[in-house]
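The values are calculated or read from the model by the stated rules, or taken from the named source; none is laboratory data. Just so it is clear, the model here is predicted, and its values are computed rather than measured. Glycine gets a Cβ as well: all are built from the backbone with ideal geometry, and neighbour counts include every protein chain shown.
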Amino acid sequence: MAVLLDGPPWARRRTVGDRDGLPVEVLGEMLRWPAVERVWLPSWLGDPAGVVDHLVASVETVPVAVPAPITFPTAAVESFKGVAALRSAVTSVAVPAPAPKAKPAAPRKPAGPVVMDGETSFVPWIPKVAGEKSVLDELPTAKAARAVRKVLNAGIKAEGPIHVDRLTKLTVGAFGLNRSSEARKTALLSTLPPSAVVDDYLWPEGVSPESWTGFRRQVSSTDRPIDHVPAEEIANAMAALCRASAGMRRDELLTQAAAVFGYKRRTPATTPALEAALKWALHRGRLTEQPSGLLTV
């Protein structure tokens, strides 16, 4: 029995025929599958046991084809009486040479996660050397401010929206320091307009927190901790996950969202940021919670 599942590849098919008619026609009529069933994700989430029971019942109703027994003509049986006749018949049959062994196919690389709407890859910003520590010590002089502002703007352009703590730490690294104190952070941010920081984040020019729908998938959580990911970005990832899966339960959504940002499992340390992002998404209408508890776009 063939079982069809909905998912991102299915959702990307342009027409109803491509999504629903063509797979059944190809599997059932052309490839001769005796049974073709479809399982919808909401049905599975709502009643997995009922879905399994339906599939089992469908398998049990498929008729089992019994191969016909092999029979030989009477004349052929009579001609092979006796050991000598049998040996003669066997040795007279031409045995074809064995076919050369085909080279084993190269193993396929496992497919990566499906790219969702609004998804890009997170590329950590690595600032270039911009000067010595003495430049930071000279703040707020105009010359030092220009040098620092140039590095800050480069970080915002490369990695924005970016958390103030991450931006200032990377910026002082361009001047030979490994960490930034609160006083140093204040001095650095004073070189930018006061309106540049929005809820501890700095956004690239032309990007609005209200209208931005993108998010950046991370290979590892060490690239950027979840506490340095804007709630808007996590909410955008949650909306994309629910859109690709036709809805998700809360716990599953939180776990899958953590995976987008490089966390192999959800821990008590990551949950508060995820919960805050989900609350933001529900409040802004990015997600809707159905009476059944399913979260949908």
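Before moving on, here are some points about what is shown:
- Residue within the stretch 233-246 that is modelled with pLDDT under 95, among the small types (G, A, S) and not in a loop (DSSP other than H, G, I, E, B) present: yes
- Residue match in the stretch 206-223 (condition: assigned to a strand (DSSP E or B), β-branched (V, I, T) and surrounded by fewer than 17 Cβ atoms within 10 Å (Cβ to Cβ)): no
- Verdict on E275 being surrounded by fewer than 18 Cβ atoms within 10 Å (Cβ to Cβ) and assigned to a helix (DSSP H, G or I): yes
- Scanning the stretch 150-164 for residues that are surrounded by 15 or more Cβ atoms within 10 Å (Cβ to Cβ) and either part of a helix (DSSP H, G or I) or more than 27 Å from the chain's Cα centre (by Cα) (or both) gives V151, L152, N153, A154, G155, I156, A158, E159, V164.
- Long-range neighbours under 6 Å by Cβ, at least six apart or interchain, first residue among the acidic types (D, E) within the stretch 223-252, second crowded, with 23+ Cβ neighbours inside 10 Å: E233/F215
- In the stretch 165-203, the qualifying residues are those that are of a type in the set (S, T, N, Q) and either without any contact (Cβ under 8 Å) to a residue 24 or more places away in the chain or assigned to a loop (DSSP other than H, G, I, E, B) (or both), and the one that is surrounded by the most Cβ atoms within 10 Å (Cβ to Cβ) is T168.
- Residue, surrounded by the most Cβ atoms within 10 Å (Cβ to Cβ), within the stretch 129-149, restricted to residues that are closer than 12 Å to G176 by Cβ and of a type outside the set (A, V, I, L, M, F, W, C): G131
- Identity of the residue in the stretch 114-128, over 18 Å from K150 (Cα atoms) and either of a type in the set (A, V, I, L, M, F, W, C) or loosely packed, with under 11 Cβ neighbours inside 10 Å (or both), that ends up modelled with the lowest pLDDT: V114
Listed here are the residues, each with its yes/no results for (1) in contact with a Lys or Arg (Cβ under 9 Å, 6 or more places away or on another chain); (2) more than 19 Å from F122 (Cβ to Cβ).
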{"residue": "R243", "(1), (2)": "no, yes"}
{"residue": "G247", "(1), (2)": "no, yes"}
{"residue": "F261", "(1), (2)": "yes, no"}
{"residue": "A273", "(1), (2)": "no, no"}
{"residue": "L278", "(1), (2)": "yes, yes"}
{"residue": "G293", "(1), (2)": "yes, yes"}
{"residue": "V297", "(1), (2)": "yes, yes"}
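- Only listed residue being farther than 25 Å from V229 by Cβ, out of contact with any Leu (no Cβ under 6 Å at 6 or more places or on another chain) and either free of Cβ contacts under 8 Å to residues at least 40 places away in the same chain or of a type in the set (S, T, N, Q) (or both), chosen from A154, A147: A147
- The single condition from (1) at pLDDT 70 or above; (2) closer than 26 Å to A246 by Cα; (3) of a type outside the set (S, T, N, Q) that D18 fails is (1).
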